[in-house]
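Below: the structure, in structure tokens.
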Amino acid sequence: MKKIINDPSEVVAEALEGMALAHPELTVKTDPDHIRRADAPIKGKVALVSGGGSGHEPLHGGFVGYGMLDAAVPGAVFTSPTPDPIVEATKAVDGGAGVLHIVKNYTGDVLNFETAADLALAEDIEVRAVVINDDVAVKDSLYTAGRRGVAGTVLVEKIAGAAAQRGDDLDAVAAIAERVNAEVRTMGMALTPCTVPHAGEPSFELGEDEYELGIGIHGEPGREKRAMEPADAIVDRMMTAVVDDLPFRSGDNVLLLVNGMGGTPLIELYIAFRRAHGYLAERGITVTRSLVGNYTTSLEMQGFSVSVLRLDDEFTQLWDAPVQTAALRWGR
Amino acid sequence: MKKIINDPSEVVAEALEGMALAHPELTVKTDPDHIRRADAPIKGKVALVSGGGSGHEPLHGGFVGYGMLDAAVPGAVFTSPTPDPIVEATKAVDGGAGVLHIVKNYTGDVLNFETAADLALAEDIEVRAVVINDDVAVKDSLYTAGRRGVAGTVLVEKIAGAAAQRGDDLDAVAAIAERVNAEVRTMGMALTPCTVPHAGEPSFELGEDEYELGIGIHGEPGREKRAMEPADAIVDRMMTAVVDDLPFRSGDNVLLLVNGMGGTPLIELYIAFRRAHGYLAERGITVTRSLVGNYTTSLEMQGFSVSVLRLDDEFTQLWDAPVQTAALRWGR
Amino acid sequence: MALNSQWVREWVARSAQYIADNRTELIRLDREIGDGDHGENMDRGFKAVSAKVTELPADASPSDILKTVATTLISTVGGASGPLYGTAFLKASQAVKDEDELDGAGIVALLQAARDGIVARGKAEVGDKTMVDAWTPAVRAAEDALAEGATEQQILSAAADAAKVGSEKTDPLIARKGRASYLGERAIGHRDPGSVSSALLLKAAAEVSP
Amino acid sequence: MALNSQWVREWVARSAQYIADNRTELIRLDREIGDGDHGENMDRGFKAVSAKVTELPADASPSDILKTVATTLISTVGGASGPLYGTAFLKASQAVKDEDELDGAGIVALLQAARDGIVARGKAEVGDKTMVDAWTPAVRAAEDALAEGATEQQILSAAADAAKVGSEKTDPLIARKGRASYLGERAIGHRDPGSVSSALLLKAAAEVSP
Ligand SMILES: Nc1ncnc2c1ncn2[C@@H]1O[C@H](COP(=O)(O)OP(=O)(O)O)[C@@H](O)[C@H]1O
Ligand SMILES: Nc1ncnc2c1ncn2[C@@H]1O[C@H](COP(=O)(O)OP(=O)(O)O)[C@@H](O)[C@H]1O
Ligand SMILES: [Mg+2]
Ligand SMILES: [Mg+2]
Ligand SMILES: [Mg+2]
Ligand SMILES: [Mg+2]
């Protein structure tokens, strides 16, 4: 394991220090760790708080700012944060209009955010939670912990963030977040595993001509190992899983996100985007908004995910609305 | 070699197709390949054209747009483009006020841009070239091809692009570009090599506890292999080379860019940023502007570079001016 | 021999030691079918617990100590295991409230409460390949031992042995809760890390019991 | 025997074949001290050259053919070698303008012009570890052979042999031009890829000479 780190146990703390130094427009707190808008709390605005294990950067800290999150709570690498910092962040950004927790669907995240919400409620803060579960690689059934929350989370945070910024109330913001979650589907793959700093060894093994299909964002093994094949064939497999699931239909307008896992060069993401776009076009589905880059990563893993979100006019407007965060910015 | 590609010889063409589909605000031409602002040529505005081998994405295509480049010309992976597409792009974006070529200092790039400039001149287009050579890892002497152009190029493109956008004439834009180049210094390192698609094998070898110091952006071996050490020690070595070179002095205000090589997780870049910032602070040098992310990459290489640019009020203003490109965007 | 607060303190200390000793193994197990952090999470948590418990006043009751364990685990472990073990110790603390000494019935009540807390939070059943597969057989064995008139030490030993067997029995299972459930059949052949840490905690409890 | 346009055509075809055959080796050499694309660049270029030359009218002169080689290399190779080889063939084309047949003096003039073109563009001297280390000894050997009254074939063979030796002599050098110059002493022990491709081109020229 070679990494640009000092002490494995200081990775999150030192990265937060770096973020604080690089982004004076953010307030970065340690003990307990959280990142929030320097101008929070904003009176009368619904506040959005998200969080989860570290190692997915820029998720979530890179999405704190105007038009998106009010605070992000990073846990240890790939480990849900504990309730304390979630409560702390929730209290710090509540502007009196309530707080929406955006939680990726993992047992740890759900349980810790639940406890935090109970504690916040005990201090008279109104909290609602939306649990994101966009990953079609995992069967959602009685026999699993349910689908995982992956790259679709970014789309929920952007669109719900814009709704909060325009002044929607807590019910409305929560409803929009739920609706985005209901309309987005994601599937991922990996060429290489990743190594959690404190573990020191790769999360799984892959042969020189294998890839892992249906990977999550925690270096967990995926649905199946497959023999390596050309980009277009891989994308087609992923898109079939995504499109058939909702299902997306001819005539739909969609946002297409091709998300790098952290170690994939941008040139490859564009090659994947090309085919994903072609796949949709062949089915009469029109890509009206696009995003290509590293948004929800898994440390240095090489691989990518495709997310498709069905857009309506409101989603499109909220997507286009100004956003000013470290990792996503336009309109101001 | 595992990559998200189809045919190694189609990598650049397919990635350009992907870019065109993802960014309708760009005009992407093939045969010969170049990317330009859809609204080019802009009458009366000095046009900026850059280019070079592919594999450094988002450089240069990701920096085409309002306030930055008017066109980018991608060559094959790590191979300078030939003169034809450079001439084509130059003609397409010339708004009558002349064209500035921003060229990274490699023999191939310099020669091909020179030929292109001659050919453009023959068609009565005024062309000036600025050759970027910010890499302190290479000794600039009679005995080398001179310093390489690396991540500092992004800063030149942004600041000169803003000068052109505010209406400066060709002499003034060229002078500002030269001045940024004179005030910026960069040094890079790598944890892993990268693999050029058509080569199929890694560009160099590195042991499990070695890193390569003074790496360029073409997978070329660096100044020396060193035993792996903590991030802070690595950053200190790089910063010493950078700071002593100009030299930067106590009282300077600077822009600090920590640039990922393509395969480095953002969390590690922030850890490096933290120490680079600390190193400067200890020497009385103030970081007033920051940039952290993958801006000038070397395919999937793991590693990073640090660039420091001495800022004056004009540079700061031009840096802050609105920019709207695929990879750098603010203020609109 | 009835167990007092000294037993709880020693249980905590021995648990912390076992978790530290097995940190790498728990990481390895979690890497196979999870995300590779269970050993790190638990070690971070029990190191914090050890420190906190040492700071407690000498007259802290078993319930007080267990409550400190609970809140410390909740605020330091994170992940799925943090809230689950946190709830377990919180419920255990409530089950032995106002008791200075725990007899066999007290011990069984403590274990039942812990197990019920885990099930209430995590909704897992036996066979779902989680820590419940260690806890439920442990509780049953403890109940049986109590019915047969066993000593406190024997009750805890029975629980610890059953937990270990229960944990081993997770090997052939497909998981229905937690991260391993994403893997479907690929989870077969791997032991659930949370069941292993649970068995370690119960082993510690038995070993320090006089 | 004087050489005509047929020789130039065959030279091109044989060169393209040698470059294709040595593509991987040129890539390997360039990976050691450069950026690993020389074989790919040259192969792309000479494949294009072959196609273009085939399309030329049957009565194209040596100069016409060499000019097509030049412009095709310039517009397809890229990198450092593209403009350098392009200029070399452009100057060679100008040196044999209006000649249908090249005698010994014509061949030497062609080679001199090519070498001078490379030096004018790249500013490298012998010993800088570039393709000039193949071309300059080749030109000298050709000049000597001409002075000694050698045939066209002998002149080209002398040039080819000298280029090969010159290329081998780049092994111990520190580079002063091109990417390998960034490496300082680490370039020692590696052969310059451009000198190898140059030696291949000259070998092809000699072999197809009747
Ligand atoms: N719903 C659940 N009920 C009971 N135990 C669970 C449940 N989900 C997960 N676990 C336990 O938690 C363990 C994993 O803990 P840990 O690795 O620390 O958290 P995470 O899965 O969040 O990384 C699993 O091995 C399993 O025993
Ligand atoms: N200034 C120069 N003069 C002569 N030859 C040069 C010069 N610079 C580079 N070369 C030649 O070019 C070769 C490299 O070509 P190539 O790999 O195709 O281009 P690049 O270096 O741009 O990747 C070197 O091996 C060397 O022989
Ligand atoms: Mg975890
Ligand atoms: Mg090259
Ligand atoms: Mg885990
Ligand atoms: Mg090369």
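The values are calculated or read from the model by the stated rules, or taken from the named source; none is laboratory data. Just so it is clear, the structure is predicted and the values come from calculations on it, not from any experiment. Glycine gets a Cβ as well: all are built from the backbone with ideal geometry, and neighbour counts include every protein chain shown. Heads up: the accessible areas ignore ligands, DNA and RNA and are worked out on the full protein's heavy atoms, side chains in. Shrake-Rupley method; radii C 1.70, N 1.55, O 1.52, S 1.80 Å.
What sits nearest the axis between copies A and B, counting only chain A Cβ atoms, is the residue and whole-Å distance A:Gly263, 2. Geometric descriptor of the range D:62-153, per residue, is 85 Å³ (volume of the convex hull of the Cα atoms). Rounded to the nearest 5, the antiparallel percentage of DSSP beta bridges internal to chain B is 55%. Over the range D:1-67, the hull volume per residue, using the convex hull of the C-alpha atoms, is 94 Å³.
Each 20 Å bin from zero holds the following percent of Cα-Cα pairs in chain A: 34, 59, 7. One chain, two ends: A:Glu229 and A:Leu121. Fully extended at 0.36 nm per residue, the span grows by 33.8 nm beyond their Cα-Cα distance.
Sorting B:176-183, A:153-160 by their mean Cβ neighbour count within 10 Å, with the most densely packed peptide first, gives A:153-160, B:176-183. Remark on the range B:106-244: Rg and Dmax equal 17.9, 55 Å (Cα only). Treating each Cα of the range A:152-211 as one equal point scatterer and applying the Debye formula with no solvent, the log10 of I(q)/I(0) at q = 0.18, 0.19 Å⁻¹ comes out as -0.69, -0.71.
In this calculation the C-beta distance from A:Asp7 to A:Asn253 is compared with R0 = 45 Å, giving a FRET efficiency of 0.40. Each 10 Å bin, from zero up to the one with the longest distance, holds this percent of the alpha carbon pairs of the range D:5-207: 10, 39, 38, 12, 1, 0. Summary of packing: across the peptides D:72-84, A:11-23, the per-residue average of other C-beta atoms within 10 Å ranks them, highest first, as D:72-84, A:11-23. Taking every DSSP helix (H) stretch of at least 4 residues in chain A, weighting each as -39,500 (n - 2.57) and dividing the sum by the residue count yields a mean residue ellipticity at 222 nm of -10500 deg cm²/dmol. Shape analysis of the range C:141-210 based on the Cα gyration tensor places the equivalent ellipsoid semi-axes at 29, 12, 8 Å, largest first.
Between D:Thr130, D:Pro83, D:Ile33, the Cα set farthest toward the positive side of the dipole of the range D:5-207 (charges on each charged residue's Cβ, about the Cα centre) is that of D:Ile33.
Per-residue mean of foreign Cβ neighbours for A:297-303 is 4 (Cβ atoms of other chains, 10 Å radius). Could you tell me how far the Cα centroid of the range A:239-284 sits from the Cα centroid of the range B:1-72, in Å? Measuring centre to centre over Cα atoms gives 20 Å. When both bridge partners sit in the range B:1-148, DSSP labels roughly 25% of those beta bridges antiparallel.
In the assembly of identical copies, A:Glu201 has its label point, taken 7 Å from Cα in the direction of the beta carbon, separated from the corresponding points by 3.1 nm (ascending, one decimal). Summarised in one figure, the compactness ratio Rg/Rh of the range B:163-256, Cα atoms and Kirkwood Rh, is 1.11. Mean per-residue shielding of peptide C:175-188 is 6, counting Cβ atoms of other chains within 10 Å of each Cβ. Only Lys, Arg, Asp and Glu carry charge here, each on its Cβ (+1 for the first two, -1 for the last two); on that basis the protein assembly as shown has a dipole of about 820 debye about its Cα centre. Legend: Rg and Dmax of the range B:175-332, from Cα coordinates, 16.0, 48 Å. Annotation: D:Tyr182 carries an accessible surface of approximately 20 Å², with a 1.4 Å probe and no ligand, DNA or RNA atoms counted. Residue by residue along B:278-289, Cβ atoms of other protein chains within 10 Å of the local Cβ number 1 on average. Based on every Cα atom in the range A:13-183, Rg and the maximum pairwise Cα distance Dmax equal 14.6, 46 Å.
Counting only whole DSSP H helices of chain D, the ones at least 18 Å long by C-alpha along their axis and with mean Kyte-Doolittle hydropathy no lower than 0.5 are D:62-76, D:104-122, D:193-207. Once all protein chains are placed together, A:Trp330 keeps about 40 Å² accessible to a 1.4 angstrom probe.
Semi-axis lengths, largest first, of the ellipsoid equivalent to the protein assembly as shown are 62, 30, 26 Å, with √(5λ) applied to each eigenvalue of the Cα gyration tensor. Sorted from nearest, the other copies put their A:Glu282 label points 5.7 nm away, the label point being 7 Å from Cα in the direction of Cβ. Per-residue SASA remark: B:Asp7, around 70 Å² accessible (1.4 Å probe; ligands, DNA and RNA not included).
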